[in-house]
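Contents: one structure, followed by commentary.
What follows is calculated from the coordinates using simple rules that are stated; it is not laboratory data. Not measured: the values here are computed from a predicted model. Here the Cβ is made from the backbone with ideal geometry for all residues, glycine too, and neighbour counts use every protein chain on show.
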Amino acid sequence: MSNIGIFGGGQLAKMICIEGYKMGLDFNIYDPNPMACSKSLANNFYVNDFLDEPKITEFIKENDVFTYEFENINPSLLEKYTDKIPQGIDALKLLQDRFTEKEFINKLDGVKTVPYVLASSEEKMDVPFIIKTRRNGYDGKGQFLITDLADLKQEMLTDDYIIEKYIEGIEEYSIVMGRSTTGEIKSYEPIKNIHKKGILHQSTFSFDLDKSIKEKMIEKTRMIIEKLNYSGVLCVEFFVKNNEVFVNEVAPRVHNSGHLTIEASNVSQFKLHLQCILGMKLPDILCRKNYYMINILGHDLKNIEDIKNAELLKNCNVHIYGKKSYAKNRKVGHITFENKDNLLNKVKDIVVGGVE
Ligand code: ADP
Ligand code: MG
């Protein structure tokens, strides 16, 4: 089996293809954006809407196995073809809505999120809280921190939003885990993340994390991946405060915080994902210490020319996704490097991360 269809043609699809070609695989990609950055890597690139049932059906008939690189496809259009979609559609059904996602997570034994209510609920929450759209939010979009009730827009108090307790001073971690169609599971070391304005800025493998917190996060991720009967790479984002572990959200796909696995691990999350969906034997995973990933956003790109020409480059791996527009706060690339000679701070002087 070597013909893989990918729903979504962004940078995640692109990095899946780059790994997959080394494995002798071929890819066809489906994305509504004719300029999607993975286009040049697809054998066939289908430009159609994600709601176009006949086109989706045609795409499905032309490929052997499927993956999705984002979670906002209508699951009912894929229902008939789940045997070709190792990630399954339960993950789509439950996780594309923050409310059903949180309900799902809190039903699992010993797993919890921070307190939340539907924005339309009679139940009130004290400030500070965050009001978030239930659907289609990413990179902090569609969410607003409310510290004074006077700032809360009344028209947001509908079923389309949830209100979530804002927890100050959290640490953020993610677990990137792969589960093969054979049921075999492998996980990377926990990844410590720093966000700026809701957008991931920095990730690094965390080796000094309390052992019981690490085990809790891995065990919770395993419960989630198994409950979803999901095969592929999946990422769970966690908040940690005072030794308490909360699930923030679950991404049923390869994840930005896992990009450092390309250089800082013996197997990248993209290769692991392909090994999982193809039912291959999974490798033991090794992770390197002191390795960092910094995201490059659209407004950083003028500085990227500096990076490209800078002395820094010789010790960094610079990934540029080749997007056609470099909008502010949009992820357009990332850099990984071993933090020697204060390189982390030098890179951060050039790459500023999330701005207003
Ligand atoms: P997205 O889907 O945009 O990634 P998240 O819910 O993960 O949305 O929020 C993005 C970031 O905003 C989080 O990684 C975290 O830094 C911050 N954040 C979100 N919810 C909370 C919260 N309840 N308490 C504290 N920080 C939060
Ligand atoms: Mg998030």
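Can you give the relative contact order of segment 41-191 as a percent, counting alpha carbon pairs under 8 Å and 6+ residues apart?
Averaging sequence separation for qualifying contacts and normalising by length gives 17 percent for segment 41-191.
Whole angstrom only: what separates the Cα centroid of segment 257-275 from the Cα centroid of segment 1-19?
Their Cα centres are 14 Å away from one another.
Which residue fluctuates most in the GNM of the chain (Cα springs below 10 Å): Asn106, Asn43, Asn295?
Comparing Asn106, Asn43, Asn295 in a Gaussian network model of the chain, the most mobile one is Asn43.
Where in segment 129-198 are there GluC sites (Glu not before Pro) that are in a DSSP coil and have at most 13 other Cβ atoms within 10 angstrom of their Cβ?
Glu168
Within segment 147-197, list the trypsin sites (Lys or Arg not before Pro) lying in a DSSP loop whose Cβ has at most 16 other Cβ atoms in a 10 Å radius.
When the trypsin sites (Lys or Arg not before Pro) of segment 147-197 are filtered for loop state and at most 16 Cβ neighbours within 10 Å, Lys153, Lys197 remain.
Using 12 Å as the cut-off for backbone N distance, which residues of segment 66-100 belong to the label zone defined by a point 7 Å from the Cα of Glu53 along Cα→Cβ?
Under cut-off, by backbone N: 76-80.
In deg cm²/dmol and to the nearest 500, what is the mean residue ellipticity at 222 nm of the chain if only DSSP H runs of at least 4 residues count, each as -39500 (n - 2.57), divided by the residue total?
Computed ellipticity for the chain at 222 nm equals -7000 deg cm²/dmol.
Using a basic spin-label model with each label point 7 Å from the Cα along Cα→Cβ, how many nm lie between Thr82 and Asn290?
4.8 nm
Could you work out the relative contact order of segment 102-245, using alpha carbon pairs under 8 angstrom and six or more residues apart, expressed as a whole percent?
RCO, segment 102-245: 24 percent.
Are there GluC sites (Glu not before Pro) in segment 101-134 that DSSP puts in a loop and that have at most 16 other Cβ atoms within 10 Å, and which ones?
Glu122, Glu123
Normalised by the residues of the chain, what does the relative contact order come to in percent, with Cα pairs under 8 Å and at least six apart?
About 15 percent, as a whole number.
How long is the gain from Ser121 to Asp109 if the chain were fully straight, where each residue apart is worth 0.36 nm and the alpha carbon distance is subtracted?
1.8 nm
Grab the Cα-Cα distance for Asn266 and Asn315, subtract it from 0.36 nm times how many residues apart they are, and report the gain in nm with one decimal.
The span from Asn266 to Asn315 would gain 15.8 nm if fully extended.
With a ≥ b ≥ c the root eigenvalues of the C-alpha gyration tensor of the chain, is it rounded (a/c under 1.5), prolate (a/b larger than b/c) or oblate?
Taking the square roots of the gyration eigenvalues as a ≥ b ≥ c, the chain is rounded.
Set the Förster distance to 35 Å, then compute FRET efficiency between Met156 and Asp90 from the Cβ-Cβ distance, nearest 0.05.
Calculated transfer efficiency: 0.75.
When ranked by the protection proxy of mean other Cβ atoms within 10 Å per residue, highest first, what sequence do the peptides 7-14, 327-334 form?
Listed from highest to lowest mean packing, they are 7-14, 327-334.
Hey, in the GNM for the chain with a 10 angstrom Cα cutoff, which one of Leu282, Leu297, Leu343 fluctuates hardest?
Leu343
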